[in-house]
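Read the structure below first, then the notes.
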Amino acid sequence: MINPIHLKDMGTRELADELLLQLNEWNNVPMLYQLALEELQNKIKVIKTELKQINGYSPIEHIKVRIKEPKSILDKMKRKGCDLTVDNMLNLIHDIAGMRIVCAFVKDIYLLLEHFKQRSDIQVLEVKDYINDPKPNGYQSLHIILAVPLILLEGTRWMKVEIQMRTLAMDFWASMEHILFYKYDKQVPAHVHTELKEASEAAYALDKKMLRIQKEILSGIANSGP
Ligand code: GTP
Ligand code: MG
């Protein structure tokens, strides 16, 4: 950030140069995150292909990526009370690059997490397990902050990506809850919250049922051998 005292001493030309430098820096950041997301998507493509060959099905149903809007980044930095500098943006905002991985089964989510932890080209920095410990409203997902190396001309930069991993049932619930509620500050009757919580328990029960059915099918296949 430009120091205000420094600003007073600057001529118009120097000020314009300084601002241009900062604007370039701010512009550069989304591009770096976009490249980091592409790197990660490629790694996941390889994992997906391998797992499909081993298991006979793809544990990854679909992937969505997004770069946080500049306004949302600035709002978050203000909420955190930090100075609006590129350094703070890189160091303190962990979800500029976001990826959502929707899996078939809960076990696939933990399998992917373990795989990420073992790789030398991925650093798992933080894990928030809202599957084993759902949010009070019923929200379930596994949130991971990880870093992937971006090899640039200037050297290697580790870029952070936030990954949300959830099952199809959890994704259905979260998408609906987002449509209905997320960041909605108006009061709703208490029974609405209860019903939504019940819906998330139903999603959990559905996941368990599907897993049980899969086990039964697989054991049927194993037992029907020649
Ligand atoms: P923010 O990143 O500022 O939201 O705070 P945080 O890092 O403490 O939040 P957290 O890691 O728990 O959640 C980050 C993201 O998860 C959100 O931006 C949403 O995409 C998703 N999320 C978290 N809680 C909910 C929820 O209750 N409902 C839905 N639909 N999504 C949620
Ligand atoms: Mg977050």
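Of the heavy-atom accessible surface of the chain (probe 1.4 angstrom), what whole percent is carbon and sulfur?
57 percent
Placing +1 on the Cβ of each Lys and Arg and -1 on the Cβ of each Asp and Glu in the chain, which of SER175, ILE73, ASN91 has its Cα farthest towards the positive end of the resulting dipole?
SER175
Just for the Cα atoms in segment 97-226, what are the lengths along the principal axes, largest first, rounded to whole Å?
62, 55, 20
Which value, to two decimals, describes the C-alpha radius of gyration of the chain once divided by 2.2 N^0.38 Å?
The reported ratio for this selection is 1.28.
So what is the diffusion coefficient of segment 66-109 in µm² per second by Stokes-Einstein at 25 °C and 0.890 mPa s, using a Kirkwood Rh over Cα pairs?
Answer, rounded: 204 µm²/s.
Can you pull out the trypsin sites (Lys or Arg not before Pro) in segment 92-150 that DSSP calls coil and that have at most 13 other Cβ atoms within 10 Å?
Of the trypsin sites (Lys or Arg not before Pro), the ones in loops of segment 92-150 whose Cβ has at most 13 other Cβ atoms within 10 Å are ARG119.
Hey, with R₀ at 35 Å, roughly what FRET efficiency would ASP133 and TRP26 work out to, going by the Cβ-Cβ distance, to 0.05?
Computed FRET efficiency for ASP133 and TRP26: 0.45.
Work out the length of the dipole vector of segment 142-226 about its Cα centre, built from +1 on the beta-carbon of each Lys and Arg and -1 on the beta-carbon of each Asp and Glu, and round it to the nearest 20 debye.
Dipole about the Cα centre, nearest 20: 160 debye.
Quick one: 3J(HN,Hα) in Hz for segment 202-210, Karplus 6.51/-1.76/1.60 with θ = phi - 60°, rounded, Gly and Pro as x.
Listing the rounded values in order: 5, 5, 4, 5, 5, 4, 5, 4, 4 Hz.
Quick one: length gained pulling TRP158 to ALA190 fully straight, 0.36 nm per residue minus the C-alpha distance? Present the calculation step by step, with values, prior to reporting the outcome.
Numbers: separation 32, 0.36 × 32 = 11.52 nm, distance 4.44 nm.
Value of the extension gain: 7.1 nm.
Per residue and in cubic angstrom, what volume does the convex hull of the Cα atoms of segment 81-147 have?
That works out to 116 Å³ per residue.
Among SER219, ILE101, LEU153, whose Cα projects farthest towards the positive end of the dipole of the chain, with charges put on the beta-carbon of Lys, Arg (+1) and Asp, Glu (-1)?
SER219
Put +1 on the Cβ of each Lys and Arg and -1 on the Cβ of each Asp and Glu in segment 16-168; which of HIS143, ASN42, GLY56 then has its Cα farthest toward the positive end of the dipole?
The residue sitting farthest along the positive end of the dipole is GLY56.
The values are calculated or read from the model by the stated rules, or taken from the named source; none is laboratory data. Treat the numbers as computed from the prediction; the structure is a model and nothing was measured. Counting neighbours? That spans all protein chains shown, and the Cβs are built from the backbone with ideal geometry, glycine included. These area figures cover heavy atoms from the full protein model, side chains too; ligands, DNA and RNA do not enter into them. Shrake-Rupley method; radii C 1.70, N 1.55, O 1.52, S 1.80 Å.
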